[in-house]
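To start, the structure under review is shown below, and the notes come after it.
The values are calculated or read from the model by the stated rules, or taken from the named source; none is laboratory data. As the structure is a computational prediction, the values presented were derived from the model and not from experiment. Note that each Cβ is placed from the backbone with ideal geometry, even for glycine, and that neighbours are counted across all protein chains shown. Side chains included, ligands, DNA and RNA excluded: accessible areas come from the protein's heavy atoms. Shrake-Rupley method; radii C 1.70, N 1.55, O 1.52, S 1.80 Å.
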Amino acid sequence: MTGAGPTQNGTLWWRSAVIYQVYIRSFADGDGDGIGDIPGLRSRLPYLAGLGIDALWINPWYPSPMKDAGYDVSDFRAIEPLFGTLADAEAMIADAHDLGLRVLLDIVPNHLSDKHRWFQEALAAAPGSRERARFIFRDGSGPGGSTPPNDWTSNFGGGAWTRVTESDGRPGQWYLHLFTPEQPDVDWTNPEVEEEFNETMRFWFALGVDGFRIDVAHGLAKAEGLPDVGSIAWPPVGGEVVSHPHWDREEVHDIYRSWRSLADTYKEPRVFVAEAWVHHPERLAQYVRADELHTAFNFDFLLAPWDAGPMRQSIVASLAAHEAVGAPATWVLSNHDTVREVSRYARPQNVRRFRKLADLMDLSADLPLGRRRARAAALLMLALPGGAYVYQGEELGLAEVEDLPEEVLQDPGWEQSGRTERGRDGCRVPIPWSGDEAPFGFSSPDASAPPWLPQPAEWAELTVEAQTGDERSMLELYRRALHLRRSQPALGDGNLRWLEAPDGTLAFARDPGFACIVNFSGEPVAVPEGAGLLISSGPLTEDRRVPADTAVWLTI
Ligand code: GLC
Ligand code: MG
């Protein structure tokens, strides 16, 4: 075994890691029911090892009524039967480790499923009981308590409170849910909640899991007294720091200090990555201070338009904020909640930042341009100091599926927005592996059901099989770049040095002997005298200059 094996001694592997996001429902279907599962994932581990990534992050695979695609967890220490068994999970983890891949799971500490034993007990118990104190139950205001306790809204639209019927049949208290009504928020001021999640982490750590991605890491702490949000905007306008009653509160950091001390008790310390939509690099850096989490997704980079100025600004601010706390930056272009970058970059980039399909559907799209930019973005991301995240299908250059028929849409945002926002299904369509028609090797040909979301016919050209060996394909670009990243000592953790570059271009060097040039839009730019070309995201001009929407890696 070579490379980033789990026993690699001494190195802080996570400071440079490329982590591949496995959206398990849509990765590979082993049992032919149209839904991705653990045996499917296990069978594709050699593909992932060959790609040249260091670790996987697997979206929630726990038992769930699937009201929010598994982010409504009904039992944290078991496997959802649709995905397999605990034995399948253990075998998968062992295989991954044998291939030199680490495994991170997804932990969802802000809320549970309403079908979780705790919430069922809370519903059956009386107001003021110990069972209710694990959640955020409050009496309503107004006559008969018929108005919600405050003005908070759900992330998927509508109010954040749902009223329960008490055991005597009368309308009763309200409970808080920042997401769907089937995802009641737990109360992190209750020590029982903390102990429960510690127990869950110990359970998976004992099975060899290397760490966790923390869902909604910026949402766990709520302001005392649950004051109204009022006119406080989120995301904050103009990037200023605001005090919000339930996002990014100081109190969350106590929780992560305690989690870090748990992770550090292991001989091979376990690691965390925070999902924190905090809209300010300095706020994000708070989550990765030395005694807190290891890394955090850099959504500022994800949201930056394809334009030299804002991209550079985002990189500079991210690096400075992370350096100030001694943490490595990370870079990410997409995930299961955001529009795929091919489709984002296919739009005019002079509009406001977008991540939701609803924000960009009406703008004209040039997909070949989006794909060219996504190729250049991949080289940029993998050349920057720190770690990176690759969302499944990104290495295939998949675009968002924007025209899924309404009747197949499953994202709760669709119904909760009154069917005005199509939600996130378009980036969750099952992966095309091989063959000329659906299910493109996602399921076997004798599968009993089609993929849970329909795959576009034109994905025939984008299967792993079709792209393998085609030097111009996105997949081979990723493979070559990821392998170069391992062989170039300058890449991964460290610093960069900006080089002078014409407007519309970014150029930086990394020691020893590496440079990256990205041309966002301008005239073709010359490659420095004497530099050697390692890889290019697209063809150079005849006189060896880097054209618009192209990136190169050089030895200098
Ligand atoms: C995170 C997840 C998202 C989920 C939400 C609620 O943002 O990434 O998919 O809907 O949390 O758990
Ligand atoms: Mg299956």
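Report the one residue of 354, 364, 330 whose Cα lies farthest in the direction of the positive end of the charge dipole of segment 320-365 (charges on C-beta: Lys and Arg +1, Asp and Glu -1; origin at the Cα centre).
364
Sorted from largest to smallest, which semi-axis lengths in Å does the alpha carbon gyration tensor of the chain give for its equivalent ellipsoid, taking the root of 5 times each eigenvalue?
38, 26, 24
In terms of solvent-accessible area of protein heavy atoms at a 1.4 angstrom probe, what is the ranking of 165, 550, 468, highest value first?
Largest to smallest exposure gives the sequence 165, 468, 550.
Please list 3J(HN,Hα) in residue order for segment 454-460, calculated via the Karplus relation 6.51 cos²θ - 1.76 cosθ + 1.60 where θ = phi - 60°; whole Hz, with x for glycine and proline.
For segment 454-460, the Karplus curve yields x, 8, x, 4, 6, 5, 3 Hz.
Among 38, 153, 143, whose Cα lies farthest out toward the positive end of the dipole of segment 38-157, if unit charges sit on the beta carbon of Lys, Arg (+1) and Asp, Glu (-1)?
So the residue we want is 143.
Obtain the radius of gyration and the Kirkwood radius of segment 240-369 from its C-alpha atoms and give Rg over Rh.
Here the Rg-to-Rh quotient is 1.03.
Normalised by the number of residues in segment 29-85, what is the relative contact order in percent for Cα pairs under 8 Å and 6+ residues apart?
Here the relative contact order equals 29 percent.
If you average 1/r across every pair of different Cα atoms in segment 1-143 and take the reciprocal, what Kirkwood value do you get, in Å?
Working: mean 1/r = 0.0583 Å⁻¹.
It is 17.1 Å.
What is the dipole size for segment 45-169, taken about its Cα centre, with +1 at each Lys and Arg Cβ and -1 at each Asp and Glu Cβ, in debye to the nearest 20?
The calculated dipole for segment 45-169 is roughly 380 debye.
Ratio of Rg to Rh for segment 488-554, alpha carbon only, Kirkwood?
My calculation puts Rg/Rh at 0.95.
Taking amide H atoms as placed 1.01 Å from N in the peptide plane, list the residues 5 or more away in sequence, or in a different chain, whose amide H sits under 5 Å from that of residue 514.
Counting only residues 5 or more places away or on other chains, the set is 556.
Just want to confirm a number: the relative contact order over the chain, from Cα pairs under 8 angstrom separated by 6+ residues, in percent.
13
Please work out the Kirkwood hydrodynamic radius for segment 238-310, using every pair of different C-alpha atoms, and report it in angstroms with one decimal place.
Here the Kirkwood hydrodynamic radius works out to 13.6 Å.
Of the heavy-atom accessible surface of segment 171-225 (probe 1.4 angstrom), what whole percent is carbon and sulfur?
On the way: 810 of 1550 Å².
So the carbon and sulfur contribution to the accessible surface is 52 percent.
Bins of 10 Å, beginning at zero and ending with the bin holding the largest distance: percent of Cα pairs per bin for segment 136-215, please.
Whole-percent P(r) values from 0 Å outward: 17, 34, 28, 15, 5, 0.
Pop out the ³J(HN,Hα) list for segment 376-390 in order, Karplus 6.51 cos²θ - 1.76 cosθ + 1.60 with θ = phi - 60°, rounded to Hz; leave Gly and Pro as x.
Ordered by residue, 3J(HN,Hα) equals 5, 4, 4, 5, 4, 4, 7, 9, 6, x, x, x, 8, 10, 10 Hz.
When you count, for each residue, the other Cβ atoms within 10 Å and take the mean per peptide, how do 309-316, 231-238, 89-96 rank with the highest first? Mind showing how you got there, number by number?
Numbers: 309-316: 17.0, 231-238: 11.6, 89-96: 19.1.
Packing proxy ranking, top to bottom: 89-96, 309-316, 231-238.
Counting only protein heavy atoms and using a 1.4 Å probe, what share of the accessible area of segment 473-556 belongs to carbon plus sulfur, as a whole percent? Display every interim value, and only then the final one.
Values: 1840 of 3700 Å².
Of the solvent-accessible surface of segment 473-556, carbon and sulfur hold 50 percent.
Mind checking the angle between helix 252-263 and the chain's longest principal axis? C-alpha axes, 0 to 90 degrees, to the nearest 10.
70
Give the long-range amide H neighbours of residue 55: residues separated by 5 or more places, or on another chain, with amide H under 5 Å away, using H modelled in the peptide plane at 1.01 Å from N.
Residues meeting the amide H criterion: 18, 20, 102.
Using a cut-off of 16 Å between alpha-carbon atoms, which lysines can reach residue 222, once sequence neighbours fewer than 8 places away in the same chain are excluded?
Correct list for residue 222: empty, as no lysines qualify.
Ordered by residue, what ³J(HN,Hα) values in Hz, to whole numbers, does segment 101-107 give under the Karplus form 6.51 cos²θ - 1.76 cosθ + 1.60, where θ = phi - 60° and Gly and Pro are x?
Once rounded to whole Hz, the list reads 9, 8, 10, 10, 9, 10, 10.
Considering the Cα positions of segment 293-379, please state its Rg to one decimal place and its Dmax as a whole number of Å.
13.5, 42
Would you mind counting up the charge near residue 547? Only other residues with Cβ under 13 Å from its Cβ, with Lys and Arg at +1 and Asp and Glu at -1.
Charge balance near residue 547 sits at +1.
Rounded to the nearest percent, how much of the accessible area of segment 263-344 (1.4 Å probe, protein heavy atoms only) is carbon and sulfur?
Numbers: 1210 of 2360 Å².
C and S atoms contribute 51 percent here.
So which aspartates and glutamates pass the test for residue 115, namely a Cα distance under 15 Å, with those fewer than 8 places away in the same chain ruled out?
68, 72, 75, 80, 131, 182, 185
Pairs of Cα atoms under 8 Å, at least six residues apart: use those to get the relative contact order of segment 413-493, whole percent.
Computed over segment 413-493, the figure is 20 percent.
To the nearest 20 Debye, how big is the dipole of the chain about its Cα centre, given +1 on the beta carbon of each Lys and Arg and -1 on that of each Asp and Glu? Intermediate results must be reported in sequence, preceding the final value.
Working: 50 positive and 81 negative charges, 231 e Å.
In debye, rounded to 20, the chain gives about 1120.
Given only helices, namely DSSP H runs of n ≥ 4 each adding -39500 (n - 2.57), what is the per-residue ellipticity at 222 nm of the chain, to the nearest 500 deg cm²/dmol? Numbers along the way, then the final one.
Working: 15 runs with 140 residues, N = 556.
Only helices count here, giving -7000 deg cm²/dmol.
Determine the percent antiparallel among the DSSP beta bridges restricted to the chain, to the nearest 5.
55
Which cross-chain or sequence-distant (5 or more) residues have an amide H under 5 Å from the amide H of residue 525, H modelled 1.01 Å from N in plane?
546
Over the chain, with the other protein chains present, what is the accessible area per residue in square angstrom, probe 1.4 angstrom?
38
Using the scaling law 2.2 N^0.38 Å as the reference, what is the normalised Cα Rg of segment 316-440?
With N residues counted in segment 316-440, Rg over 2.2 N^0.38 Å equals 1.18.
So how strong a dipole does segment 138-184 carry about its Cα centre when Lys and Arg Cβ are +1 and Asp and Glu Cβ are -1, to the nearest 20 debye?
Working: 3 positive and 5 negative charges, 9 e Å.
Dipole magnitude for segment 138-184 comes out near 40 debye.
Over the Cα atoms, compute the radius of gyration (one decimal) and Dmax (the largest Cα-Cα distance, rounded to a whole number) for segment 173-282, in Å.
Looking at segment 173-282, its Cα Rg and Dmax stand at 15.6, 48 Å.
What Kirkwood Rh does segment 429-556 have if only Cα atoms enter the pairwise 1/r average? Answer in Å.
For segment 429-556, inverting the mean 1/r across all distinct Cα pairs yields 17.0 Å.
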